[in-house]
Structure formats: structure tokens, C-alpha cells
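The values are calculated or read from the model by the stated rules, or taken from the named source; none is laboratory data. Keep in mind the model is a prediction, meaning the values are calculated, not measured. Please note: Cβ atoms are built from the backbone with ideal geometry, for glycine as well, and neighbour counts cover all protein chains shown.
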């Protein structure tokens, strides 16, 4: 499978060609025609642990209603959007949305500075739920799916650790 992916970061925008091939129990990945040594493990819903060229990364993925993906690793955030519409035909507008009951986790240690919803509120996929400040940067934590905020586990001013459950959306 071959995809053209538009990656947009805070200071750059790049068009990358990504090729994926299944080889027995492992994926072979090529980036812009060059093979990439990568190993990926899903550590919890919408989060991957990647070993990329010998470097370890934790990547949090938040689907957007428009079909794009918000990728967050450490303090960097990117938007990834597949450019070839034929490859994603029919997948936009919620098909990438998480299904079932979802725990929304803190992507990094920080402090909850704003809670944007309350238990019982209806939310849309990609809607902001709360804001976590880490290293002087504010990160809006968004809903992985349309649904109802079942429970909030944090309140404003509370410190949180990476991977801590912030709320549950069902």
C-alpha cells in the first residue's frame, strides 16, 4: 500500500510518501523510497510505542472528524492527512473515530489548567475536553469519539502523570 501523507507541524509542512508491505508477521515500511527500521506496539487505545531507527518514541493519535490524525510525541504535535483521496474514500467523517468506551489519558506529565466539559456532557470527536500544561506549553486534550463524558477523573489545578486516566468517553 502506498500513501502520500501531508505532515504539518508548528513550523513546517512536508509531503511524505509512505509505503507499507506485510511480510509474514511484520510490516516493511518505506519513507520517501528509503526503507525504515521501525517496530510498533499499541500500548493503549490510540497510542503506540515506536522503536524508529534505534530511537524510542511514544505517539498519541487523535482522529479528527475530517479524517486527519493529530499525532503527539513528547512536546511535538503534528497533523497527518492522507493526500490521495482514493486511498481514504469513505473513511472520512468519523470512520477513523474510536469505538466503544474510551479512556482519555494524559499524554505527558503536567497540570490540568482547564476542564472544558462536565460528566454527562455530549461531545463530538475531536472536541476539546481539557487543557494540560506541560513545560509551559498548553495542550488541549480532545475526545477520541463522539459520545458522552461518562466520568472526569481530574479537576483544575491537579497534577497528572503520563498515561493517567483523565476522563472516560462512552
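See the values below:
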read-out	value
Count of the range 32-50 residues which are at positive phi and under 14 Å from the mean Cα position of the chain (by Cα)	1
Conditions (1) in a loop (DSSP other than H, G, I, E, B); (2) within 17 Å of residue 108 (Cβ to Cβ): number failed by residue 11	(2)
Tabulated pairs, the range 104-126, first in contact (Cβ under 8 Å) with a residue 40 or more places away in the chain and not assigned by TED's automatic domain parsing to the domain that holds residue 154, second surrounded by 14 or more Cβ atoms within 10 Å (Cβ to Cβ) and not in a strand (DSSP E or B), C-beta under 9 angstrom, 6+ apart or interchain	none
Selected residue (criterion: surrounded by the most Cβ atoms within 10 Å (Cβ to Cβ)) from residues of the range 33-65 that are in contact (Cβ under 8 Å) with a residue 60 or more places away in the chain and not in a strand (DSSP E or B)	46
Selection count where residues are exposed (fewer than 14 other Cβ atoms within 10 Å of the Cβ), modelled with pLDDT of 80 or more and closer than 16 Å to residue 18 by Cα, scope the range 66-90	0
So residue 119, is it farther than 27 Å from residue 10 by Cβ and at pLDDT below 90	no
Residue check for residue 135: in contact (Cβ under 8 Å) with a residue 40 or more places away in the chain and out of contact with any strand residue (DSSP E or B) (no Cβ under 7 Å at 6 or more places or on another chain)	yes
Test: residue 20 is within 29 Å of residue 109 (Cβ to Cβ) and surrounded by fewer than 15 Cβ atoms within 10 Å (Cβ to Cβ)	no
